[in-house]
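The values are calculated or read from the model by the stated rules, or taken from the named source; none is laboratory data. Predicted model only: the values in this text are computed from it and were never measured. Here Cβ is always computed from backbone atoms with ideal geometry, including for glycine, and neighbour counts include all displayed protein chains.
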Amino acid sequence: MSTDSVTHVGTVGGVDINTLVSSLMQSEQAPLIQLQNEIVTEQDKLGRWTDVEARLSTLQGKTTQLTTASVWEQMSATVTQTTSVLSASAESTASEASYDIDVSFLAKSHRIGSDAQASASDALTLTGDFTVGGQLITVVSGDSVRTIADKINAAASSMTDANKVRASVVDTTLVLDRVQTGTTAISLSDGTNGVLKTLGVLDAGDAVNHVLQEGHNLEMTVNGVSVNRATNTGLTDVISDVTLSFSATGTSNLAVARDTASIKTLLQDFISAYNSAMTKIKSEGVATVSTTNSVTAGPLVGDSLLRAIGGRSRELVTGTAATDPDISADFDTLRKIGITTSGVDNSLTIDSAILDEALLNHFDAVEALIRDPEAGVMKQFDTYLSGLLKPTEGTLDQRQSAINENISRRNDTVARMERNLTVYQNSLYEQFSYVQNVISELDQQRSYLSGIL
């Protein structure tokens, strides 16, 4: 409590009243100060438990991922040799296999052009119409090559995907591209006044006058089987449950296999989260010694729950999986797939070579070790973490709730003590003021008597 605003002028026996009250209040305030310090300690303790809980929550997120079936069902599609030829992705239902792919032609779209005109922007003084991509284009005398291209592009939104055409102007030539690739030609026909013939897009017999690029299908072989498609990208019907996209000709190999790289990344993420949580738990559980040999013990030093979490976590992660027919004796600990602890602390390390070999040659055994519903290491650890982190009913929530209740009770006590101290302080001022008045009256009487004697 503060007494800065409560002051009295005067002395008692030559001593300032405020000094007297302040001195007496110090001893009375000692229990209050002690209680306020306890609140600070409890708040510090709460903050540290919140940090521990956050790290364990992150850790559980990693264990949950590793125990999810879909994670282990993922397939990868890896391109080797000429990687620029294609890209690929595989569904979880894809079969493990290797494919030799030889691309001889990429799919191309049909492209045609007009005769070169005198200008791209000057009026052509043409009137009439023509049809392209199933849409009627009307030409007026003020239209230029660029204006006609703009009209075609505006009409493209009404064209079907199979007929859609894109127009451009190169130098002074009108160029028409079929949007879709493949052997299908651009659909167009002349109309009133033979505008397309005048532009040189069609000849006198209504045949295309200038073919700038023939439409062509994608041509390739897959494991010796000839494949022909009208498009280069998003092909889902060449290899079951695999999507292919091609960008160049050449030869490549495509391997569809278990996505071991993703599993390895998840295990590495788990180890990082585990080490972060265990490092925090260890640091909170030990006192620190400064360079001057002074010892500082945090509020969680000696906490039995903190010790139990660290010990149980290490036991579950580094121990042997429970006996189960689905778990191989050759792969019944994380150590056997390259994940080990130093034996000095709770931190884990990973031997990439051992893990890679286990995932490549013993994938099912590794999966069982990690996520078997009855005895899997991560499954058991995930269950333990759930008990700690469950909202309201979890061990950590209950511990933090107890701390909050302690803080609340102490705050109530502090408020009551401050009220009582204020009453006590006011009573002191009243008493000293009374004494001051009595002394003042006695001094006056003494002065009076001295004057008449």
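Figures for the structure shown
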quantity: Selected residue (only one of THR383, THR413 is in contact with a helix residue (DSSP H, G or I) (Cβ under 8 Å, 6 or more places away or on another chain) and either at pLDDT 85 or above or not small (Gly, Ala, Ser) (or both)); calculated: THR413
quantity: Residue count, region 329-375 (criterion: exposed (fewer than 15 other Cβ atoms within 10 Å of the Cβ), among the hydroxyl-bearing types (Ser, Thr, Tyr), in contact (Cβ under 8 Å) with a residue 24 or more places away in the chain and not in a helix (DSSP H, G or I)); calculated: 1
quantity: Residue count, region 151-166 (criterion: in a helix (DSSP H, G or I) and surrounded by fewer than 14 Cβ atoms within 10 Å (Cβ to Cβ)); calculated: 4
quantity: Boolean, THR125 is in the same structural domain as ILE148 (by TED's automatic domain parsing) and in a loop (DSSP other than H, G, I, E, B); calculated: yes
quantity: Matching residues, region 291-320, being at pLDDT below 85 and surrounded by 17 or more Cβ atoms within 10 Å (Cβ to Cβ); calculated: GLY298
quantity: Failed criterion for VAL211 (all others in (1) β-branched (Val, Ile, Thr); (2) farther than 30 Å from VAL377 by Cα; (3) modelled with pLDDT under 95 hold); calculated: (3)
quantity: Top-ranked residue of region 44-65 - restricted to ones that are within 22 Å of GLY298 (Cα to Cα) and surrounded by 15 or more Cβ atoms within 10 Å (Cβ to Cβ), ranked as nearest to the chain's Cα centre (by Cα); calculated: ARG55
quantity: Single unsatisfied condition, GLN445 versus (1) of a type outside the set (Ser, Thr, Tyr); (2) assigned to a helix (DSSP H, G or I); (3) under 30 Å from LEU267 (Cβ atoms); calculated: (3)
quantity: Residue match in region 180-192 (condition: at pLDDT 95 or above, farther than 27 Å from PHE105 by Cβ, out of contact with any helix residue (DSSP H, G or I) (no Cβ under 7 Å at 6 or more places or on another chain) and among the hydrophobic types (A, V, I, L, M, F, W, C)); calculated: no
quantity: Criterion: outside the structural domain of TYR384 (by TED's automatic domain parsing) and either of a type outside the set (Gly, Ala, Ser) or at pLDDT 90 or above (or both) - qualifying residue of VAL9, VAL79, VAL21, VAL15; calculated: VAL79
quantity: Pairs with Cβ under 6 Å, 6+ apart, first in region 46-58 and under 9 Å from ALA273 (Cα atoms), second outside any helix (DSSP H, G or I) and acidic (Asp, Glu); calculated: none
